[in-house]
Amino acid sequence: MAKKVGITTNYAIAYAAKACDVDVIAAYPITPQTAVVEKLSEFVANGELDAEYVPVESEHSALSACIGASVAGARAFTATSSQGLALMHEILHIASGMRLPIVMSIANRSLSAPISIWADQSDVMNARDAGWILFFASSAQEAYDQVILGYKICEHPDVLLPALVNYDGYILSHTVEPVVLEDDEEVRRFVPKNTQRLKLDVDNPMTFGPVGPPDWYYEFKYQQVLAMEKAKEVILRAFDEFEKAFGRKYVPLEGYRVEDAEVVVATSGSFVGTAMYVVDKLREKGFKVGLLKVTVLRPFFADLAKKLLAGKKVVGAIDRAISFGAPMGGPLAMELASAFYNEPERPLIADYIMGIGQRDVKPEDIEYAFKKMLEYAKTGKVEKPVEYVGVRV
Amino acid sequence: MSLPGAKDVPIGAVITTPGSSLRYKTGGWRVFKPVINHEKCVGCRTCFLLCPDAAVEEVEEGGKRKYVVNYEYCKGCGICAAECPVKAIEMVEEVK
């Protein structure tokens, strides 16, 4: 039976992986993710989860072991953060190129140097083009749900791509929140394992991961393009079925008070809650502001973004990662700018970088971004396309 | 030769037919080809064992072991010629 408990997002992720009856967990501990794999090792040791638990010597090996397991037809899971994800980087492309439906959770943490164990999204944004589906959770419940949805979507025969479930380190990973843990049996009915995909089989030998010479490689990359496109429909259907099964509704890009808004800010993760609070506060004062919550970044639902943001004067992004030397400061702003570029009518775009290395982000910081955007809406000109909010210059 | 498109090949570059690498003939890579002098050959098997492409084949001829190069796969690396203890293999430039 479903039950509501108070747990951290790290634990919520572990409970979700257990509910999905994962077959293989290969893990290496890294702050702030460690509690995920710690909890899973408990489940396996206690006999609550019948899985192979492989403690490896590095993240590079963790994902490699998941790839081996997935090729053999197992449902594989791993979790990491920051440097761990960076160390996995070459293997990320192998998982997606081999089309393996692995789900991995990331407690988002900044990258060294200087050494920082604290939250920001520079780890996942570095992996943005690795061909994985990217989910962002803004609460422990969402993170739990996205692991379940992850397997549902990834293992779909039209998709067969791996997915990352992102949640901000500490702010989400270590914070206790109320979470509805669904009945494991019900979750398993919702995500039956896809056993029909091509896999290693001694009775039916095949070659996985061969060389792709110049006359073949491009076709397999194009297959990934098609799978990402196809994933859009599958994601929408899975969200719909999820709502029917468990009552919680998700959309890839969600508008909050956007209908009559003049300016809208887009963001993800733990900023979402703060931004909603700021939107409500500014609305009370008569400012027409709204929020676009990014739940799925890859594939990017550009048409949905354009529909939700049509007619807005200014669209802003609050980015928790920096793309050094880029035309805009952060990745989310660039997504929005490129989504709109070919439209005859498009909003002005402004980018606000915040929370780097877990620098505190207060409602006033988000309010500042809205105030600037409202100013640009009035003047019709973006005075500062990128602002690094909260940094000492 | 027209090759199949992205929608017509197994996803993820899986090769579903075992042993299909036999269809991939690599002899065209060769610049020098090994030529075995059977008069000199003592049948020691070194070339057969060391060929990285298993392109040296062992055949029976008149109750004697004989080694022949399968030129459809031999890439011309020259390991056989370098390792032959009686210098019975010569690398001859391909003329096409």
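Considering only the stretch A:355-373, state which residues are buried (at least 22 other Cβ atoms within 10 Å of the Cβ), more than 15 Å from A:Y277 (Cβ to Cβ) and touching a Ser or Thr at 6+ places or on another chain (Cβ under 9 Å).
Matches in the stretch A:355-373: A:G355, A:I356.
Checking the conditions here, which among A:E182, A:E254 is modelled with pLDDT of 95 or more, among the charged types (D, E, K, R), under 26 Å from A:M373 (Cα atoms) and surrounded by 17 or more Cβ atoms within 10 Å (Cβ to Cβ)?
Criteria check complete, one pass: A:E254.
From the list A:G68, A:G73, exactly one residue is on the phi > 0 side of the Ramachandran plot and surrounded by fewer than 21 Cβ atoms within 10 Å (Cβ to Cβ). Which is it?
Only one candidate qualifies: A:G73.
Whether any residue in the stretch A:63-73 is under 16 Å from A:A231 (Cα atoms), part of a loop (DSSP other than H, G, I, E, B), of a type in the set (G, A, S) and within 14 Å of chain B (Cβ to nearest Cβ) is what I want to check.
No, that holds for no residue.
From the residues in the stretch B:1-27 that are small (G, A, S) and closer than 15 Å to B:K75 by Cα, which one is nearest to the other protein chains (Cβ to nearest Cβ)?
Within the stretch B:1-27, the match that is nearest to the other protein chains (Cβ to nearest Cβ) is B:S21.
So A:L292 ticks every box in (1) buried (at least 21 other Cβ atoms within 10 Å of the Cβ); (2) farther than 16 Å from A:A333 by Cα; (3) more than 14 Å from chain B (Cβ to nearest Cβ) but one. Which box is left unticked?
Against the list (1) buried (at least 21 other Cβ atoms within 10 Å of the Cβ); (2) farther than 16 Å from A:A333 by Cα; (3) more than 14 Å from chain B (Cβ to nearest Cβ), A:L292 comes up short only on (2).
Looking at the stretch A:77-127, which of the residues that are of a type in the set (V, I, T) and either within 14 Å of chain B (Cβ to nearest Cβ) or part of a strand (DSSP E or B) (or both) is surrounded by the fewest Cβ atoms within 10 Å (Cβ to Cβ)?
A:I94
Among the residues of the stretch B:38-77, count how many are under 19 Å from B:K25 (Cβ atoms) and small (G, A, S).
3
Among the numbered conditions (1) outside any loop (DSSP other than H, G, I, E, B); (2) touching a residue at least 24 places away in the same chain (Cβ under 8 Å), tell me where A:K307 comes up short.
Result: A:K307 fails condition (2) only.
Residue check: is A:K230 surrounded by 13 or more Cβ atoms within 10 Å (Cβ to Cβ), in contact (Cβ under 8 Å) with a residue 24 or more places away in the chain, under 22 Å from B:G12 (Cβ atoms) and within 14 Å of chain B (Cβ to nearest Cβ)?
So A:K230 passes the test.
Any idea how many residues of the stretch A:196-225 are more than 7 Å from chain B (Cβ to nearest Cβ), surrounded by 13 or more Cβ atoms within 10 Å (Cβ to Cβ) and aliphatic (A, V, I, L, M)?
1
For residues in the stretch B:28-54 being among the hydrophobic types (A, V, I, L, M, F, W, C) and touching a strand residue (DSSP E or B) at 6+ places or on another chain (Cβ under 6 Å), which is nearest to the other protein chains (Cβ to nearest Cβ)?
B:F32
The values are calculated or read from the model by the stated rules, or taken from the named source; none is laboratory data. Not measured: the values here are computed from a predicted model. Here Cβ is always computed from backbone atoms with ideal geometry, including for glycine, and neighbour counts include all displayed protein chains.
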